[in-house]
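The block underneath contains the structure these notes are about, expressed in structure tokens.
The values are calculated or read from the model by the stated rules, or taken from the named source; none is laboratory data. Not measured: the values here are computed from a predicted model. All Cβ positions, even for glycine, are placed from backbone atoms using ideal geometry, and neighbour counts span all protein chains on display. We work out accessible area using only protein heavy atoms, side chains counted, and drop any ligands, DNA or RNA first. Shrake-Rupley method; radii C 1.70, N 1.55, O 1.52, S 1.80 Å.
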Amino acid sequence: MLTELTQAKSPKNQYDPAYDPMVDESPGRYRDYCPTYWIATAGDPPQDDGPITADIDADVVVIGSGYTGLSCAIHLAKEYGIKATVLEANSVAWGCSTRNGGQAQISSGRLKRSQWIQRWGVDVARRMHAEVAEAFDLFRSLIYSGEFDCDPQDGGHLYIAHKAKMMPALEAESHLLNKTFGYRTRIVGREELHRDYLRDQEAAGAMHEPDGVGVHAAKLAFGYLAMARRLGAKVHPGSPVMGWQTRGGIHYLKTPGGMVRARSVAIATAAYTSPGMHHLTKHRLMPVLSNSVVTRPLTAQERDACGFKTRLVLTDTRTLRHYYRLLPDGRVQIGSRSAITGADADNPRHLSLLVEGLYRKFPALRGIKLDYSWWGWVDVSHDMMPRIFQPDPGQKIYYAMGYGGNGVMYSAQAGRRLAQLVAGEPPIDLPIFRSPLPSHGPLTPFRRIGQRAMYHWYALKDEKL
Ligand SMILES: Cc1cc2nc3c(=O)[nH]c(=O)nc-3n(C[C@H](O)[C@H](O)[C@H](O)COP(=O)(O)OP(=O)(O)OC[C@H]3O[C@@H](n4cnc5c(N)ncnc54)[C@H](O)[C@@H]3O)c2cc1C
């Protein structure tokens, strides 16, 4: 009852489509959701605990209520009996966790297995593979727990070569996965792909990975929210951390409604981390925009024309990759890179680039009505891999972020690993748990200039070379 009253007294602020984490001081205060297909079709969010309205003490505070923060709260309660207080600046799971493509893949960060080997050697790469395999098991245990339904489309992931030139590298990656990691991928030729899966007109073939699930992004977030609260966590939207001081081992987190005093703080703010929040997270991530559209439901003829026989999650081999799939209600979703700045995000140029990508794959869909279009900020780390880490051994501050657009699945495990660190367990012996998010160093002020140049190069490489 108290929660209902608090919520009624706290009307939400309008969603700001131009929000830009590199420019704006904070992600906002109690902003409404980005108008995504997921928010439109998830139903009402479950009850939360309303904004903070007085000074309170908490043993553990989690900042950010996306998949990572909620998974951390779930596992703190489940594995250690710790009932965390989750502080969310806006509406619950307002960031990437209600805006993504809903593609759960067996990855963490942006690097391929061959790149893990180049960076760390075979032994570490194998152990990292075991970590993401364990993460997938955890993810499945959550989505099939019976506590919520997030419309899973299970059966694997098709990684589609967008031109013939990409096939040798795809075949080599598949071979490596099979032989070095014992992970049974399969190469699917263009003919088989068109016959049994879909007639993506650019596709030269694909690699099938057995693990891959499409989920309803917001139903997943809302499922985590209900689960975290059932286990005793408190989840407070409209409670941005706007100031942070530490005295005598206690963290004083200033929110508009009151001071929250905490012994330990777990940070799960991803690309929405404001530079001023804490010096340990300042400029450690590159926020990168990704956009997404959802068409009206396809007619039976359009589905035939596209040859859609699969509902597997699909991505292509572009560096500026497309992620796409046929949704359970017969619409097509597709997403890719977007603008560089928040101010430019609604420039029609970015939308038309994305839909041209859709038409190239499925010419029969040229001109199809788009029912939803949105964008969000992805947390790309300097070395393309996430970190789950305690950055200063003298302070009980921990973070999990930097998934680089591959966080739907791995955030469940990252939240669990974050909970383990908060509870005092030693970090796992893998590089992503053993070092801080690398800084961009002297390049920090020039990151967007670099990004612009890289986008030109990637577009040339993806489309022309
Ligand atoms: C368009 C798009 C498509 C994507 N598609 C996929 C996909 O198909 N597959 C995949 O694996 N990944 C995808 N991703 C990435 C994936 O969504 C994220 O990795 C994942 O949701 C990260 O969750 P998170 O909890 O770490 O962060 P978020 O969900 O971003 O949550 C961070 C939260 O922190 C809050 N916050 C920030 N600062 C403060 C503060 N000072 N005080 C309180 N709260 C604060 C924010 O309001 C936000 O709600 C996509 C991302 C985007 C944007």
task: Would you please give the FRET efficiency between Tyr144 and Asp429, computed as 1/(1 + (r/R0)^6) with r the Cβ-Cβ distance and R0 = 30 Å, to the nearest 0.05?
output: 0.50
statement: proj_area_mean for segment 52-156 (convex hull on C-alpha atoms), units nm², value 9.2
- request: Show Leu353, Leu231 ordered by accessible area, largest first, where the area counts protein heavy atoms only and the probe is 1.4 Å.
  value: Leu353, Leu231
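Test of understanding: what is the full-extension gain from Asp57 to His175, defined as 0.36 nm times their sequence separation minus their Cα-Cα distance? Can you show the working numbers first?
Numbers: separation 118, 0.36 × 118 = 42.48 nm, distance 5.35 nm.
Net length gain for the segment: 37.1 nm.
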message: Checking the cross-link filter: which lysines have an alpha carbon closer than 27 Å to that of Lys179, excluding same-chain neighbours under 8 positions apart?
response: Lys112, Lys163, Lys165
message: Could you tell me how far the Cα centroid of segment 229-306 sits from the Cα centroid of segment 85-154, in Å?
response: 16
- line: Counting only protein heavy atoms and leaving out ligands, DNA and RNA, the solvent-accessible surface of Glu134 at a 1.4 Å probe, in Å² to the nearest 10, equals 80
message: Projecting each Cα onto the charge dipole of the chain (Lys/Arg +1, Asp/Glu -1 at the beta carbon, about the Cα centre), which of Ala226, His278, Leu193 comes out farthest on the positive side?
response: Leu193
- prompt: Per-residue HN-Hα couplings for segment 21-26, Karplus 6.51 cos²θ - 1.76 cosθ + 1.60 at θ = phi - 60°, whole Hz, x for Gly and Pro?
  reply: x, 7, 10, 7, 5, 8
- prompt: Between Gly66, Ala400, Pro287, whose Cα lies farthest towards the positive end of the dipole of the chain when Lys and Arg beta carbons carry +1 and Asp and Glu beta carbons carry -1, centred on the Cα centre?
  reply: Pro287
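Treat every Asp and Glu Cβ in segment 348-442 as -1 and every Lys and Arg Cβ as +1, leave all other atoms uncharged, and give the resulting dipole magnitude about the Cα centre to the nearest 20 debye.
Numbers: 10 positive and 7 negative charges, 79 e Å.
The dipole magnitude comes to about 380 debye.
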message: Modelling each spin label as a point 7 Å along the Cα-to-Cβ direction, I'd like the Asp346/Ala459 distance in nm, to one decimal.
response: 2.2
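For the chain, what is the percent of antiparallel DSSP beta bridges, rounded to the nearest 5? Could the numbers behind the result be given before it?
Details: 49 of 70 bridges.
So the antiparallel bridges amount to about 70 percent of the total.
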query: When the Karplus curve 6.51 cos²θ - 1.76 cosθ + 1.60 is applied with θ = phi - 60°, which whole-Hz ³J(HN,Hα) does each residue of segment 71-79 get, with x for Gly and Pro?
result: 5, 4, 5, 4, 6, 4, 6, 5, 9
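Report the gain in length on full extension from Lys309 to Arg448: 0.36 nm times residue separation, minus Cα-Cα distance, nm rounded to one decimal.
Numbers: separation 139, 0.36 × 139 = 50.04 nm, distance 4.05 nm.
The span from Lys309 to Arg448 would gain 46.0 nm if fully extended.
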- request: Take Arg186, project a point 7 Å from its Cα along the Cβ direction, then tell me which residues of segment 195-230 have their backbone nitrogen under 13 Å from it.
  value: 196-197, 206-211
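Please list Val23, Val313 from largest to smallest accessible area, probe radius 1.4 Å, with all protein chains kept in place. Don't jump to the answer; show the numbers that get you there.
On the way: Val23 100, Val313 0 Å².
So the residues, ranked largest to smallest area, are Val23, Val313.
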query: Residue-wise, which Karplus ³J(HN,Hα) couplings in Hz belong to segment 98-113, taking 6.51 cos²θ - 1.76 cosθ + 1.60, θ = phi - 60°, and x for glycine or proline?
result: 10, 10, 7, x, x, 9, 8, 10, 7, 8, 8, x, 9, 8, 7, 4
query: Accessible area, 1.4 Å probe, largest first: how do His157, His382, His456, His208 sort?
result: His456, His382, His208, His157
- prompt: Tilt of helix 167-181 relative to the longest C-alpha principal axis of the chain, in degrees (0 to 90, nearest 10)?
  reply: 50
task: For Thr299 paired with Gln118, estimate the spin-label separation in nm (one decimal), with each label point 7 Å from Cα along the Cα-to-Cβ line.
output: 4.7
message: Let me cross-check Asp346: its accessible surface, 1.4 Å probe, with only protein heavy atoms counted, in Å² to the nearest 10?
response: 110
Area of Ser26 that stays accessible when all protein chains are in place (1.4 Å probe, Å², to 10): 50
- request: Grab the DSSP H runs of the chain that are 4 residues or longer, score each as -39,500 (n - 2.57), total them, divide by all residues and round the 222 nm result to the nearest 500 deg cm²/dmol.
  value: -9000 deg cm²/dmol
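Given charges of +1 on the Cβ of Lys and Arg and -1 on the Cβ of Asp and Glu, with all other atoms neutral, how large is the dipole of the chain about its Cα centre, in debye to the nearest 20? Show your work: numbers first, answer last.
Details: 56 positive and 46 negative charges, 173 e Å.
Dipole about the Cα centre, nearest 20: 820 debye.
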query: For the residue pair Asp329 and Glu134, what label-to-label distance in nm results when each label sits 7 Å from Cα along the Cα-to-beta-carbon direction?
result: 3.9
